[in-house]
Amino acid sequence: GAVVSQHPSWVICKSGTSVKIECRSLDFQATTMFWYRQFPKQSLMLMATSNEGSKATYEQGVEKDKFLINHASLTLSTLTVTSAHPEDSSFYICSALTGQGAYTEAFFGQGTRLTVV
Amino acid sequence: QQPVQSPQAVILREGEDAVINCSSSKALYSVHWYRQKHGEAPVFLMILLKGGEQKGHEKISASFNEKKQQSSLYLTASQLSYSGTYFCGARTGSGGYQKVTFGIGTKLQVIP
């Protein structure tokens, strides 16, 4: 199947700094990517939908100025957590859609575990 | 609004069967099923696009009732490797306005 690579897998940062997470589709082009966060023992919470060449669509309650999303190319979307605080510590996962219509599938990156200290 | 999954948790002995249900209050464009093991990212199982569609992979299959806005995942003759949390994802919208939201998950544990 298609491969989605997320980097970094783990990151620890100091409170107040910014962290960038990359999501790449390695062997396909993805016009749409999704960003999720997941707290321990909870479900995936959709944060935003990232579309290549346009502004991301954020879910209600997600601060767009804090979670900056850029989808500059068909194979790369980035999520930047700005001025991170301990409450931003979480597991962040991206997924990318490939194919069209009946052949559409979604694949996840391996996730990024962010710890803000 | 996220889809509703049931049951929330289930324990099976090896070889037993289980059904996990997923229902949505909104019209569904498609339903995705994933399995996630502790500390790992979710793994795609299958996607169902059309009402009435059924799919299977090994001993895991799923159905999609578009009218009822429901999907069910069937695990037959369960194996230890089936343990994990199963999420259904409801895809709504299309094109640049589509999104996939997930149910709370069903924790499945298969014991010897």
Under a point-charge model restricted to the Cβ atoms of Lys and Arg (+1) and Asp and Glu (-1), what is the dipole moment magnitude of the protein assembly as shown relative to its Cα centre, in debye to the nearest 20? 240
Simple spin-label estimate for B:Q109 and B:K37 in nanometres, 7 Å along Cα-Cβ: 1.7
Test of understanding: in a Gaussian network model of chain B with alpha carbons linked when under 10 Å, which of B:G89, B:G39, B:G15 would top the mean-square fluctuation ranking? B:G39
So how far apart, in nm, are the two label points at B:S6 and A:E105 if each is 7 Å from Cα heading toward Cβ? 3.2
Suppose R0 equals 25 Å; then what is the FRET efficiency for B:S25 and A:E63 from their Cβ-Cβ distance, rounded to the nearest 0.05? 0.40
Total charge dipole magnitude, the stretch A:6-117, about the Cα centre, Cβ charges on Lys, Arg, Asp, Glu only, Debye to nearest 20: 240
Of B:F44, A:G53, A:A84, which is farthest towards the positive pole of the protein assembly as shown's charge dipole, taken about the Cα centre with +1 and -1 on the beta-carbons of Lys, Arg and Asp, Glu respectively? A:A84
Relative contact order for chain A: what is it in percent, counting Cα pairs under 8 Å that are at least 6 residues apart? 36
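The numbers here are math on the coordinates, done by the rules we state, and not lab data. Since the model is a prediction, treat every value here as computed from it, not as a measurement. Neighbour counts are summed over all protein chains in view; Cβ atoms, including those assigned to glycine, are modelled from backbone coordinates with ideal geometry.
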